[in-house]
Amino acid sequence: MSSTVAARGLEDVIVGPSSLTLIEGERGKLSYRGYDVVDLVRHSTFEETIYLLWHGRLPSGAQLQEFASELARNRELPNQIVSMLKSLPKDSRPMDVLRTSISALGLFDPDKNDPSREANVRKSIRLLAKCGTIVAAFDRIRNGKEPIPPNPVLNYASDFMRMLQGKVPDAEIAKIFDMCLVMHVDHELNASTFAARVTASTLSDVYSAVTSAVGTLKGRLHGGANEGVLEMLDIITTPDNAPTSVKELLANRMRVMGFGHRVYKTIDPRAVVLRELSRKLGERVGDTRWYEISRKIEETMLAERNLKPNVDFYSASVYRMLGFPKDFSTPIFACSRVAGWTAHILEQYDNNRLMRPRAEYVGPRGMKYIPIEQRGVI
Ligand SMILES: CC(C)(COP(=O)(O)OP(=O)(O)OC[C@H]1O[C@@H](n2cnc3c(N)ncnc32)[C@H](O)[C@@H]1OP(=O)(O)O)[C@@H](O)C(=O)NCCC(=O)NCCS
């Protein structure tokens, strides 16, 4: 092996080709299949964006209708999964429940032993459709209520809110949530997508690859950051407290969740959209406190460290104002990102080579084995 310097955290390492998502970090631009995500957020929907990502082109009206109703028809969970959800400890974290349920769902998939492309697409549809149902059902169960079955007439965003909160949200609220889902659909080779592709590259199955991804997204340096943002908002409580609290965190060499990014050298474009949604939503619900605290944190981080918010920062206040439980920000992220993970898994299978990197060995060499009785007391 030629001697190479290891790239810590694989920074800037190109692992392979992909035609799904482009991040232009210097310009703060993100596009799926060549379409600017800001345009998609404004003009498209979650269902249409998934179609675009999976098929590489925008659908016709008839194609979109067929695709959306296929997704909707697949939202219902097998009874055994509902029973399993009821048997889990009530204090389980929803991300752990989602990870375990996705793994279990694989056992019930009628195509589980078929590795063909067609079967993998069907598995992706079933999996994507069911994630929201799992997360919403678990919240009902842990609160002593019966899960609400899906209603295929509604789109994903409205039905998720209905299954969670017990009523169909008004159209404006559902639209804001739909925009959030569009924004989280894919993000090139982030840690969880990379984990999914590594698993797929061994020719393991779709469910295993998505299970790997959910476990990876959970960490606080990745998707788990938005829960950290909510914890911070709860501690800060008023905009006036924000500068002191943030400076204290920084003085203690703590990371402020929701700031910084490995690839964006300027602001994450999704944070710009979410900041505006946070403001609008605050005005609409008559409580702009979470937006105002967030703005103060943002100003302080810019002044102190020149660090800008990423997607997780303003999504935290948006999800709070949409009425989602505190530990739901990351599972909701996962419910959308499963579209990206499955697109990457399919792309990996289409042009596969086993991912097997090397380590830069820095340990001792040539050690002589000493029999145990000659080693003395350590
Ligand atoms: C996302 C993240 C892991 C990317 O970081 P990275 O490219 O690996 O950059 P590094 O961890 O090498 O950090 C570079 C410097 O910026 C600082 N930094 C980066 N993000 C920071 C943050 N959110 N708060 C405080 N300092 C931060 C680091 O402490 C480091 O400073 P140092 O050189 O003085 O030690 C990092 O910004 C972070 O931890 N953010 C908070 C978690 C988060 O929001 N994750 C969601 C990402 S979408």
Handout entry: helices (runs of 4 or more DSSP H) contained entirely in region 109-220, each with at least 1 residues that are hydroxyl-bearing (Ser, Thr, Tyr) and under 19 Å from the mean Cα position of the chain (by Cα)
Key = 117-142, 156-165, 191-201, 206-217
Handout entry: Lone unmet requirement of (1) near the ligand (Cβ under 10 Å from one of its atoms); (2) more than 30 Å from Leu127 (Cβ to Cβ); (3) surrounded by fewer than 20 Cβ atoms within 10 Å (Cβ to Cβ) for Glu248
Key = (1)
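Looking at region 200-215, which of its residues are of a type in the set (Val, Ile, Thr) and surrounded by 22 or more Cβ atoms within 10 Å (Cβ to Cβ)? Step through it out loud before you land on a result.
Within region 200-215, the first condition is being of a type in the set (Val, Ile, Thr), and the residues that meet it are 202, 206, 210-211, 214.
Within region 200-215, Val206, Val210, Thr211, Val214 meet the criteria.
Working only within region 30-55, note down all residues that are within 16 Å of the ligand (Cβ to nearest atom) and within 30 Å of Pro357 (Cα to Cα). Outline the logic, then answer.
As a first pass, look at region 30-55 and keep what is within 16 Å of the ligand (Cβ to nearest atom): 30, 37.
Matches in region 30-55: Leu30 only.
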Exercise for the section: Residues being in contact (Cβ under 8 Å) with a residue 60 or more places away in the chain, within 25 Å of Val37 (Cα to Cα) and buried (at least 16 other Cβ atoms within 10 Å of the Cβ): count how many of those fall in region 281-306. Expected result: 2
Problem - Residue within region 275-292 that is under 22 Å from Val182 (Cβ atoms) and either of a type in the set (Gly, Ala, Ser) or part of a loop (DSSP other than H, G, I, E, B) (or both) present - result: yes
Practice task
Being within 12 Å of the ligand (Cβ to nearest atom) and assigned to a helix (DSSP H, G or I) is the filter here, so list the residues in region 259-273 that pass it.
Solution key: Arg270, Ala271
Completion exercise
By residue number, the members of region 22-39 that are in a helix (DSSP H, G or I) and surrounded by 18 or more Cβ atoms within 10 Å (Cβ to Cβ) are Val37
Handout entry: Residues within region 299-331 that are within 12 Å of the ligand (Cβ to nearest atom), in the same structural domain as Gly260 (by TED's automatic domain parsing) and among the small types (Gly, Ala, Ser), tallied
Key = 2
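The values are calculated or read from the model by the stated rules, or taken from the named source; none is laboratory data. No experiment lies behind these values; they were computed from the predicted model shown. No Cβ is skipped: glycine too gets one built from the backbone with ideal geometry, and neighbour counts run over all protein chains shown.
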